[in-house]
Amino acid sequence: MDRLDALRIKYARAQEHRAAWSRALDKWVATMPYGVRGEADPSGWFVIRLVARELPPPELSLNFADMISNLRATLDHIIWALVEESGNATHDKLTFPCVLDRKDWPSSLGSRLMNVPPQWIPAIEQAQPFTAPHPRRHAMHVLHRLDITTKHRLLIPIEPSTFEWEATYSVNRAIREDDRRVDQVASTGVRLTDGVELARVRFLSKTADLHVTGIKTVTEAGAGWGPRLDGLDLTGNDDFPDMMTFVGTQIETFAPAFRRPGPSPLLP
């Protein structure tokens with residue numbers, strides 16, 4: 001098996017874990033694991049909270065961690081292969097670097113990229129977080145942080161990243177034309193854990209005797225799900241950069257280094 005095939009097989013394994021994660025997520029979400037409940041507050045508000053009926057199964061975090069591990073390893077394999085294919089000496093510090101600040105780039109050249117053929121250094125530099133407007137949200141940095149977390153610390157939790165619903169409420173008397181409903185929704189970015197306050201509702205009336213007594217029906221509900229990385233305040237597929245595409249792009253960028261020239265065409 002040549003180098004390029006090996007890299008693509010490693011990448012394909014990451015894609016398999018991503019597909020397994022999606023299947024497990026769909027299966028779990030189909031059980032309707034989250035809902036809402038309401039309770040009267042002494043201040044006069046009716047408070048709506050998130051209810052976790054069933055926590056995410058461990059296989060979700062395991063599949064996600066395996067995907068991350070294979071993606072990060074694929075990048076490191078690229079650097080090792082570049083050195084070995086060139087005939088230069090390999091060493092234990094070889095790795096695909098992740099540099100947030102440009103001033104730290106020279107140190108990578110003298111350690112993690114030592115003996116990498118110089119013609120490939122610009123492409124490696126172009127893949128660095130410091131080349132982006134927001135380095136900490138760059139796919140390389142997020143992937144690197146996730147790999148460290150799953151490898152040395154803990155499994156990444158899978159949580160709802162968004163939760164939206166529409167409901168009708170029961171009240172203690174008929175609503176009049178001059179009664180006004182007031183809603184307060186939790187701030188964007190609140191961590192959606194079991195029991196967290198999603199919103200509160202109350203009615204303003206001239207007689208001050210109109211109160212919400214319960215949730216009559218939830219007419220519409222939907223949630224988004226995904227991994228959470230607290231250090232970067234990232235949750236869900238919409239927040240995370242496309243790490244799969246990023247690694248695939250790197251494979252194709254460095255593919256010419258591993259392609260063997262074919263036989264020369266016969267001259268007429």
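Quick notes on this one:
- Considering helices alone, the calculated mean residue ellipticity of the chain at 222 nm is -11500 deg cm²/dmol, with DSSP H runs of length four and up weighted by -39500 (n - 2.57) and normalised per residue.
- Accessible area per residue, Å², the chain with all protein chains present, probe 1.4 Å: 55
- For the stretch 92-202, the spherically averaged projection of the C-alpha convex hull amounts to 12.1 nm².
- Counting only Cβ charges, +1 for Lys and Arg and -1 for Asp and Glu, the dipole size of the stretch 1-123 around its Cα centre is about 160 debye.
- The orientation-averaged shadow of the Cα convex hull for the stretch 6-111, equal to a quarter of the hull surface, comes to 12.1 nm².
- Taking the C-alpha atoms only, the angle from helix 243-254 to the longest principal axis of the chain is near 10 degrees.
- Average silhouette area of the stretch 126-268, convex hull of alpha-carbon atoms, in square nanometres: 17.4
- Hits among aspartates and glutamates - C-alpha to C-alpha of LYS206 under 15 Å, sequence gap 8 or more where chains match: GLU177, ASP178, ASP179
- Degrees between helix 139-152 axis and first principal axis of the chain (Cα, 0 to 90, nearest 10): 80
- Options GLY236, SER108, TYR34, ranked by Cα towards positive dipole end of the chain, top entry (Cβ charges): SER108
- Accessible-area value, ILE251, 1.4 Å probe, nucleic acids and ligands omitted, Å²: 0
- Angle between the chain longest axis and helix 3-29 axis [Cα atoms, degrees, rounded to 10]: 10
- Computed over protein heavy atoms with a 1.4 Å probe, the carbon and sulfur contribution to the accessible area of the stretch 1-88 reaches 51%.
- Of the residues ILE158, THR207, LEU192, the one whose Cα sits farthest towards the positive end of the charge dipole of the stretch 157-227 is THR207 (charges of +1 on Lys and Arg Cβ, -1 on Asp and Glu Cβ, taken about the Cα centre).
- Partner lysines whose Cα lies under 23 Å from the Cα of LYS103, excluding those fewer than 8 positions away in the same chain, are identified as LYS93.
- Percent RCO, i.e. relative contact order, over the chain, from Cα pairs under 8 Å lying at least 6 residues apart: 24
The values are calculated or read from the model by the stated rules, or taken from the named source; none is laboratory data. As the structure is a prediction and not an experimental result, all values here were calculated from the model. Here the Cβ is made from the backbone with ideal geometry for all residues, glycine too, and neighbour counts use every protein chain on show. Accessible surface is based on the protein model in full, side chains and every heavy atom, while ligands, DNA and RNA are left aside. Shrake-Rupley method; radii C 1.70, N 1.55, O 1.52, S 1.80 Å.
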